[in-house]
Amino acid sequence: MIEITAEVLRILNYAGVFVFALSGGAVAIRHNMDLFGVMVIGLITAVGGGTLRDILLNLPVFWLADSTSLIPAALGSLCAFALGAPLPVKRVMLWADALGLAVFAVLGTVSALKIGSSPVIAIVMGTITATAGGLLRDIVCNEPPILLKDEIYATAALLGAIVYVGCLQVPVLQELAEVLGVLAAFSTRLLAIQWHITLPRARQSLD
C-alpha cells in the first residue's frame, strides 16, 4: 500500500529532526540556557517522539539504528543557538515546531503502516511521534505542556495523519499523500496560531 521510498523516508526524518531540534533549542534560549543546555533540549525535542513510537511498535530506535539522525539534531540546535538572539525566538519556535509536528505526524504514520499496523494504530503512532518530543521539551523546561493546553496542537498532528492515510486509499492521490498530510497538519497549526483558534473547554462548575 505504501510507495514511499527509503530515501524519501530518510529525508523526511532528517527534516523533522532538524526543525524539532530548532524549536527545542529556541525554547532553551528563552530560558537563558548555555550551549550545552540548548543542545540537550534540542536533542530531546528532536528524537523524543520517534523514540517512544519505536518502543511502542517494538522497532529498533531510529537514532540508535542510524546515528546519522543525530547530525541534523545537532545542526538544528546549533542554528537555534546562533540565530535565536537576533531573531524573534518565540516566532521561530512556533514555526519550526509546527513544521516538525507536521513532518513527524506523517513519518510516524508511515513507520507504523510499513510493519502492518492497522490504519487506526498508524494514525495514533503518527500523533505520538509528532507530539511526544514537544511534551518532553516542555516538561524538562518546566513549562506548561502545550499538548495539555486548549491549543490546536495534537489535533493538527492527528489531522495530518488522517489525511495521509485517507489519501493512500485514493489512487490518484497516493503519490501526493505525504505532501498533503504534511500540508494539512502544518496549515492547521499555523491557522490556529494566527487566528488564536482553540478547542472548547469544559464548563466550570457553578458550585
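The values are calculated or read from the model by the stated rules, or taken from the named source; none is laboratory data. Because the structure is a prediction, the values reported are computed rather than measured. Glycine gets a Cβ as well: all are built from the backbone with ideal geometry, and neighbour counts include every protein chain shown. Accessible surface is based on the protein model in full, side chains and every heavy atom, while ligands, DNA and RNA are left aside. Shrake-Rupley method; radii C 1.70, N 1.55, O 1.52, S 1.80 Å.
Being more than 13 Å from G134 (Cβ to Cβ) and hydroxyl-bearing (S, T, Y) is the filter here, so list the residues in segment 41-86 that pass it.
T51, S67, T68, S69, S77
Only one residue in L107, L78, L83 is at pLDDT 90 or above and open to solvent by 20 Å² or more (accessible area, probe 1.4 Å). Which one?
Selected residue: L78, the only one of L107, L78, L83 that is at pLDDT 90 or above and open to solvent by 20 Å² or more (accessible area, probe 1.4 Å).
For segment 7-20, how many residues meet the condition of being over 10 Å from the mean Cα position of the chain (by Cα) and more than 17 Å from V179 (Cα to Cα)?
1
Please return the ranges of helices (runs of 4 or more DSSP H) entirely within segment 1-85 where 2 or more residues are touching a Phe, Trp or Tyr at 6+ places or on another chain (Cβ under 8 Å) and within 30 Å of V170 (Cα to Cα).
6-30, 35-56
Looking only at segment 165-181, decide whether some residue is closer than 24 Å to G42 by Cα and open to solvent by less than 50 Å² (accessible area, probe 1.4 Å).
Within segment 165-181 (the criterion being closer than 24 Å to G42 by Cα and open to solvent by less than 50 Å² (accessible area, probe 1.4 Å)), the answer is no, since none of the residues qualifies.
For the subset of segment 11-53 comprising residues that are closer than 12 Å to L101 by Cα and among the aromatic types (F, W, Y), which member is least open to solvent (accessible area, probe 1.4 Å)?
So the residue we want is F20.
Name the residue that is farthest from G50 (Cα to Cα), counting only residues in segment 124-134 that are modelled with pLDDT of 95 or more and out of contact with any Ser or Thr (no Cβ under 6 Å at 6 or more places or on another chain).
Ranking the qualifying residues of segment 124-134, first place goes to V124.
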